[in-house]
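For reference, the structure discussed in these notes is given below.
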Amino acid sequence: MNCDEARILLHALIDGELDASHAREVEAHIATCPACGAELAAYRELHEKIASADLRVARICVGIGGVGDGGDRSCCHRAA
């Protein structure tokens, strides 16, 4: 496996999406390639930071129709 092939599969490796054979190939390449190993480490760090972040989705309320037309905007008044 070369670097281009390994880089394509790094995210899949982190997410556990590779079958055992492909995972072993990527891991074998990483063991001998400092550049790909560093890239994998950076992806894992990013993955961990995103997973541990306290992310919240903002509620966006758009009424039906234009502003001031009496459209239904009851979604804006529901409890979060």
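Every number here is computed from the coordinates shown, using simple stated rules; none is lab data. All figures in this text were calculated on a predicted structure; none of them were measured in a lab. Neighbour counts run over all protein chains shown; Cβ positions are idealised from the backbone, glycine included.
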- What distance in nm separates the simple spin-label points at Tyr43 and Asn2, each placed 7 Å from Cα in the Cβ direction? 1.8 nm
- Between Thr32 and Ile14, what is the spin-label point distance in nm, taking each point 7 Å from the Cα along the Cα→C-beta axis? 2.5 nm
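With a cut-off of at most 14 other beta carbons within 10 Å, and DSSP calling the residue loop, which GluC sites (Glu not before Pro) in the range 1-31 qualify? Please list them.
Working: sites: Glu5, Glu17, Glu25, Glu27; in loops: Glu17.
Within the range 1-31, the qualifying GluC sites (Glu not before Pro) (loop, at most 14 other Cβ atoms within 10 Å) are Glu17.
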- Distance-filtered residues of the range 1-30 - backbone nitrogen under 11 Å, label point 7 angstrom along Ala51 Cα→Cβ: 14-16
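Using Cβ counts within 10 Å as a stand-in for footprinting exposure, how do Cys33, Cys3 rank, fewest first? Before the final figure, lay out the partial values.
Values: Cys33 17, Cys3 12.
The order, fewest Cβ neighbours first, is Cys3, Cys33.
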